[in-house]
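The values are calculated or read from the model by the stated rules, or taken from the named source; none is laboratory data. Every value quoted in this text rests on a predicted model; they were computed, and no experiment measured them. Reconstructed Cβ throughout: ideal geometry from the backbone, glycine too, with neighbour counts over all protein chains shown. When the accessible area is computed, the model is the full protein with side chains, heavy atoms only, and any ligands, DNA or RNA have been set aside. Shrake-Rupley method; radii C 1.70, N 1.55, O 1.52, S 1.80 Å.
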Amino acid sequence: MKLILAEVVTIGDEILYGQITDTNTQWMSTELDKIGIKTVRKSSVGDQEDKILQILEEAGSRADIVLITGGLGPTKDDITKKTLCKYFGDELIMNEDALAFVTDFFNKRGRPLTEINRQQALIPSRCTYLPNKTGTAPGMWFEKKEGDPKGRIYVSMPGVPSEMKYLMTNEVIPRLKKYFDTPVIYHKMIRTIGIGESLLAEKIEHWEDSLPAHIKLAYLPSFGQVRLRLTGVGENEEILKQQVQAEVDKVLPLINSYVFGFDDEDLEVAIGKILKSKGHTVSAAESCTGGFVSHMFTKVPGSSAYFMGSVVSYDNSIKMNVLGVKPETLEAHGAVSEETVTQMAEGVRALMKTDYAIATSGVAGPDGGTPEKPVGTLWIACAMEGKTVARKIQMSNQRDTNINYGSVVALNLLRKMLIGDYES
């Protein structure tokens, strides 16, 4: 079965200037994927007729479906409709259904229908009008350009996310499903932590090379984590799921100690499940991460069942007076040290009366480092009954990165303590 390809084109100078963030393309690609349509490219173009014409021609050469958002407002800078007329050799006409809708839209709000609003009912004569019940800008469906033997689909929609989503959900997706015979696209995500992308690739190289042609692998790295995405394409969803799962079962023995979850399961969710299953609790003492570890725990619904609380001990006086870090420890080793972070973890565990405790202390940056402890130096520790494990990591001079990455590494140390794998 032929894979149907789509390209998304966003129109508007404001996108290129960085004045608004384009969230439309990500959402549209996700929805297309659900019905077996693959997005091959996303393009943005300014409010210039020649540039729009060029990108429409290029998109049509690559894709079966071209989805266009933006440039459909009532003002003079919104030129999409006129440009589409030029591209399709068409002309604008007053669409009676669109006019009736726009008229009713303003009447219901007690506002007069001005001439500029009335012009929103002008649409190319050859397109199918797609009613937009959340705004006044119409959706427009073009089934074929003159002389095009492939029958490509072009759809123009407003750039306002709520209006685009309404049209995609209620008009565009149903029509695409009827127009195209699409295959099934199925994704399975394996979520790993504590191993770099290149080393992970080495460990699974032979397995990756043996994947069947209709199942592809992608590496998606992020803070301390690498997601392995398996994508299968086929005609039968159940058979495809079984085939992908068979490949997952083959690779897991090679990387099992690094795998914490699957699909959309975040690290903090996976850890929460372990804690709940064991009936255990955890607390945190944070210095350089400033509460980010606690945030990761508490953003999970129901985390109050296992996360008891935290102390953000940013100042040394809090480390001593609240957590019980010894003054001589700070004097001899400093706040960023194995000895201090160990006492922080043990102190907050005793204070909160939890089964486990995490602690972090480091130089987040961008300044404050020394030759012995440069910016990016971070100590983490995890304490449990009779055992405390501390680790040193060296990161960058980027403060946000250090806070995020350090928190992930701290949580992973807890995960390893929970499963008895903290020696590795």
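Computed quantities for the displayed model
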| quantity | calculated |
| --- | --- |
| Count - residues of the range 346-387 that are without any contact (Cβ under 8 Å) to a residue 60 or more places away in the chain, outside any loop (DSSP other than H, G, I, E, B) and surrounded by 19 or more Cβ atoms within 10 Å (Cβ to Cβ) | 8 |
| Helices (runs of 4 or more DSSP H) contained in the range 72-168 and holding at least 1 residues open to solvent by 50 Å² or more (accessible area, probe 1.4 Å) and farther than 25 Å from LEU16 by Cα | 96-108, 115-118 |
| Per-region count, the range 189-213, residues in contact with a Phe, Trp or Tyr (Cβ under 8 Å, 6 or more places away or on another chain) and among the hydrophobic types (A, V, I, L, M, F, W, C) | 6 |
| Flag for THR298 being closer than 30 Å to LEU220 by Cβ and of a type in the set (Ser, Thr, Tyr) | yes |
| Options ILE52, ILE68: the member that is touching a Leu at 6+ places or on another chain (Cβ under 9 Å) and assigned to a helix (DSSP H, G or I) | ILE52 |
| Residue pairs meeting the criteria (Cβ under 8 Å; at least 6 apart or on separate chains; first closer than 25 Å to ILE193 by Cα, in the range 237-253; second among the aliphatic types (A, V, I, L, M) and open to solvent by 10 Å² or more (accessible area, probe 1.4 Å)) | GLU247/LEU211; LEU252/VAL259 |
| Filter result for ALA270 (closer than 23 Å to THR401 by Cα, hydrophobic (A, V, I, L, M, F, W, C) and not in a helix (DSSP H, G or I)) | no |
| Count of residues meeting criterion [closer than 25 Å to GLN343 by Cα, within 24 Å of the chain's Cα centre (by Cα) and either among the basic types (Lys, Arg) or open to solvent by 50 Å² or more (accessible area, probe 1.4 Å) (or both)] in the range 257-289 | 0 |
| Lone qualifier among ALA213, ALA201, ALA218 - being at pLDDT 95 or above, within 30 Å of VAL408 (Cα to Cα) and not in a strand (DSSP E or B) | ALA201 |
| The range 3-33, residues that are farther than 17 Å from GLY159 by Cβ, in contact (Cβ under 8 Å) with a residue 24 or more places away in the chain and not hydrophobic (A, V, I, L, M, F, W, C) | ASP33 |
| Matching residues, the range 79-127, being farther than 22 Å from ILE55 by Cβ and hydroxyl-bearing (Ser, Thr, Tyr) | THR103, THR114, SER125 |
| Residue within the range 227-235 that is open to solvent by 20 Å² or more (accessible area, probe 1.4 Å), in a helix (DSSP H, G or I) and within 24 Å of THR182 (Cβ to Cβ) present | no |
| Leading residue by the ranking (nearest to GLY368 (Cα to Cα)) among those in the range 320-341 that are of a type in the set (A, V, I, L, M) and assigned to a helix (DSSP H, G or I) | LEU330 |
| Among residues of the range 302-323, those that are under 25 Å from THR281 (Cβ atoms) and either of a type in the set (Ser, Thr, Tyr) or open to solvent by 50 Å² or more (accessible area, probe 1.4 Å) (or both), counted | 13 |
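Quick grid of which residues meet (1) without any contact (Cβ under 8 Å) to a residue 60 or more places away in the chain; (2) part of a helix (DSSP H, G or I); (3) more than 25 Å from ILE190 (Cβ to Cβ):
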| position | (1), (2), (3) |
| --- | --- |
| SER277 | yes, yes, no |
| ALA285 | no, no, yes |
| SER294 | yes, yes, yes |
| VAL300 | yes, no, no |
| MET308 | yes, no, yes |
| ILE318 | yes, yes, yes |
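So that you can scan it fast, the table gives a plain yes or no per residue for (1) modelled with pLDDT under 95; (2) among the polar types (S, T, N, Q); (3) within 28 Å of LEU122 (Cα to Cα):
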site	(1), (2), (3)
GLY12	yes, no, yes
ILE20	yes, no, yes
THR23	yes, yes, yes
GLU31	no, no, no
ASP47	yes, no, yes
LEU53	no, no, yes
VAL66	no, no, yes
GLY70	yes, no, yes
LYS76	yes, no, yes
